[in-house]
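Peer 1: One structure is given below, represented as structure tokens, and several questions about it will come after.
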Amino acid sequence: MAPPKPDNFGIEPTLPAAKGLANLGALGRVEGDMANLPVFGEIPQQIDGTFYRMMVDPFYPLMEGNPPVEGDGNMSVFRIHDGKVDLKVRYVDTERLRLERAANKRLFGLYRNPYTHHPCVRAAVDSTANTNLVHWSGHILALKEGGLPYAVDPDTLATRAYDPFKSPGKTFSAHPKVDPFSEELVVYGYEAKELGSDDVVTYSITRDGTVKDVQWNHAPWPAPIHDCAITTNFIILFMWPFQSDVNAMKGGGQHWKWTNDRNVTFQVIPRRADKVPSGWEVGESRVYQWTRNAFLVHSAAAWEDKSGKVYIETSRVYGNLFPDWASEADLPADPNPESDFVRWELDLSQPTNSTVPDPEVVVPLTSEFPRIDERLMGRKYNIIYLPVAAPDIPANGLPMITSLNALAKVDKAAGTTEFFKPGHPCVVEEPIFIPRSKSSPEGDGWILSMVQHIEQRSSDLVILDSRNFTKPIAIIKMPLYLRGQIHGNWVDAVDVGGAFKPLVRVPEPTKVSGRGALEPQVY
């Protein structure tokens, strides 16, 4: 089912519709404050903090041939306090957006191909900062893996600076992981030295912004490494089956091309170069491969056991989701390929380039954007929350990533799966877990998720209780139809000082003037 199109008397728009996650009919290009959003139901008082949500929202029409992940980063941020919700929407003021706003036109060409940009901006940072928002060291980090972070003010959303930590390398993952046990942000960057290189840098950033444990490695080939997973001692990267080609870029082509001959590949890197397993050399990393080609889009998390094995749970897609990156020599992109959610076992006692066994299927459904109780990041966990394409709901007719129409709670130990089904046709976005308290059991709390109602052209932020997952306890109605989410994160008020700060404009306090309709006229 394609998003409905308003009848505009056949007149074509000057700003073409966005693709992918953003192509649900929302106009976008909005900034502003919206106070005290309508709430159906009751928001628990314990939910006190901010949901930072990122949208892809091109300010100017994109060059033809761009993929769905291209477009400027626009933040939709919800502050929840005392049962009330305020919303602020604001673009990340990236270098490229400021240059284009000054010129009042599009200056940048294809995704991550500076050879297609206008010559006057080829030396500029072309990151759109449009993928994720992570709170660290007093900043909200607006992230895009083709560049370094933009630091954003957590309250005003004003863009503070580019590269606040003076990071090594030229790139920074959109999926760094917070290790809650060591209190570090674990980071990697790929193509980290130059365009099309196989250089990978890994490191950690402490709470005070200090960069430590820097290591340089080489990926098996110049591949996109969109997501990772961490354990206590390792960072696990997984390569998407695409290949970069600088010569093609110089000719005006795409940064990436799909390759059917690249099998599922993991690179395991010790987080600290001198702390390696028995049989490893200091500073060594190892590569492990499966026997088939597949697309591992996102991970839930990973853990290690005492026997020297690492387990990682990911989505698994048998096909290319990006038609703009299809190779003429290989199969074309498939908008709805076979997919599921699986657990991989990596035996670190095996030498590099060893083959891993077939994964165990955890969720036999099309699913994506998995999240866990991140108080357990890097350790063994049980509960997973993830959007799925529920088998008993009619398909919404959209490509795989936007075909997800229900939210699942997977209890691996109990072997159960519960569903929240918001109605048809809709799109359910990445869930965000909020613990009920700092000491509550794993997975006990609330889940935030945006639901896009396609026919009604409306957006709801729903709140679910993990103890009664199938029905929301509160629905926050949006005053406008929001662009689709890429990723987002919750920041609890306790973790940023606890004192409430207004997100939206608050009028200056005033006193009663004494000039109301019931007061005597004063001459």
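Peer 1: Can you check what the net charge comes to around LEU24, using other residues whose Cβ is under 10 Å from the Cβ of LEU24 (Lys, Arg +1; Asp, Glu -1)?
Peer 2: +2
Peer 1: Just flag the trypsin sites (Lys or Arg not before Pro) in segment 429-523 sitting in loop per DSSP whose Cβ has no more than 12 other Cβ atoms within 10 Å.
Peer 2: Counting only loop positions with at most 12 other Cβ atoms within 10 Å, the trypsin sites (Lys or Arg not before Pro) in segment 429-523 are LYS438, ARG467, ARG505, LYS511, ARG515.
Peer 1: Could you give the nm distance between label points at SER513 and SER137, where each point is 7 Å from its Cα heading toward the beta carbon?
Peer 2: About 5.0 nm separates the two model spin labels.
Peer 1: Classify segment 272-404 as rounded, prolate or oblate, taking a ≥ b ≥ c as the square roots of the eigenvalues of its Cα gyration tensor: rounded when a/c is under 1.5, otherwise prolate if a/b is larger than b/c and oblate if not.
Peer 2: In terms of gyration-tensor shape, oblate.
Peer 1: Taking only C-alpha pairs under 8 Å that are 6+ residues apart, what is the relative contact order of segment 114-234 in percent?
Peer 2: Relative contact order comes out at 16 percent.
Peer 1: In nm, give the distance between the simple-model label positions of SER182 and SER349, each being 7 Å from the Cα along the Cα-to-Cβ direction.
Peer 2: For SER182 paired with SER349, the spin-label model returns 2.4 nm.
Peer 1: Right, next: Starting from the 7 Å offset along Cα-to-Cβ, what nm value, one decimal, do you get for the label separation of VAL282 and ALA102?
Peer 2: 4.8
Peer 1: Hey, another quick one. Sort 80-89, 492-501 by packing, meaning the average of other beta carbons within 10 Å per residue, with the highest value first.
Peer 2: 80-89, 492-501
Peer 1: In sequence order, what are the phi-derived ³J(HN,Hα) couplings for segment 89-99 according to the Karplus relation 6.51 cos²θ - 1.76 cosθ + 1.60 with θ = phi - 60°, rounded to whole Hz, with x for glycine and proline?
Peer 2: 10, 7, 5, 6, 7, 5, 4, 5, 5, 5, 5
Peer 1: What residues of segment 401-425 lie in the reach of a label at ARG467, counting those whose backbone N is under 11 Å from a point 7 Å from the Cα along Cα→Cβ?
Peer 2: Within reach of a label on ARG467: no residues.
Peer 1: While we're on this one: Across segment 211-221, in residue order, what do the Karplus-derived ³J(HN,Hα) couplings come to in whole Hz, using 6.51 cos²θ - 1.76 cosθ + 1.60 with θ = phi - 60° and x for Gly and Pro?
Peer 2: 8, 9, 6, 6, 9, 10, 9, 10, 6, x, 7
Peer 1: Starting from 0.36 nm per residue, how many nanometres of slack lie between ARG122 and GLU31 once their C-alpha separation is accounted for?
Peer 2: That works out to 30.0 nm of additional length.
Peer 1: While we're here: Full-extension gain between ASP411 and ASN247, please, as 0.36 nm times their residue separation minus the C-alpha to C-alpha distance.
Peer 2: Answer, rounded to one decimal: 54.2 nm.
Peer 1: Sequence-distant or interchain residues sharing an amide H contact under 5 Å with ASN132, placed H: which?
Peer 2: For ASN132, whose amide H was placed from the backbone, the distant partners under 5 Å are LEU143.
Peer 1: Sort VAL186, VAL125 from largest to smallest accessible area, using a 1.4 Å probe on the heavy atoms of the protein chains.
Peer 2: Largest accessible area first, the residues go VAL125, VAL186.
Peer 1: Expected output is a single nm value to one decimal: the length gained when fully extending between ASP305 and VAL211, i.e. 0.36 nm times separation in residues minus the C-alpha distance. What is it?
Peer 2: Length gained between ASP305 and VAL211: 31.1 nm.
Peer 1: Excluding ligands, DNA and RNA, what is the solvent-accessible area per residue of the chain at a probe of 1.4 Å, expressed in Å²?
Peer 2: Each residue of the chain exposes 42 Å² on average to a 1.4 Å probe.
Peer 1: Mind checking which of TYR318, VAL512, PRO359 is farthest towards the positive end of the chain's charge dipole, using Cβ charges of +1 (Lys, Arg) and -1 (Asp, Glu) about the Cα centre?
Peer 2: VAL512
Peer 1: Using θ = phi - 60° and the Karplus curve 6.51 cos²θ - 1.76 cosθ + 1.60, what whole-Hz ³J(HN,Hα) does each residue of segment 181-187 get, with Gly and Pro shown as x?
Peer 2: 8, 9, 6, 10, 9, 8, 10
Peer 1: Express the carbon and sulfur contribution to the solvent-accessible surface of the chain as a percent, rounded to the nearest whole number, probe 1.4 angstrom.
Peer 2: 52
The values are calculated or read from the model by the stated rules, or taken from the named source; none is laboratory data. As the structure is a computational prediction, the values presented were derived from the model and not from experiment. Note that each Cβ is placed from the backbone with ideal geometry, even for glycine, and that neighbours are counted across all protein chains shown. Side chains are part of the model used for accessible areas, which takes the heavy atoms of the whole protein and leaves out ligands, DNA and RNA. Shrake-Rupley method; radii C 1.70, N 1.55, O 1.52, S 1.80 Å.
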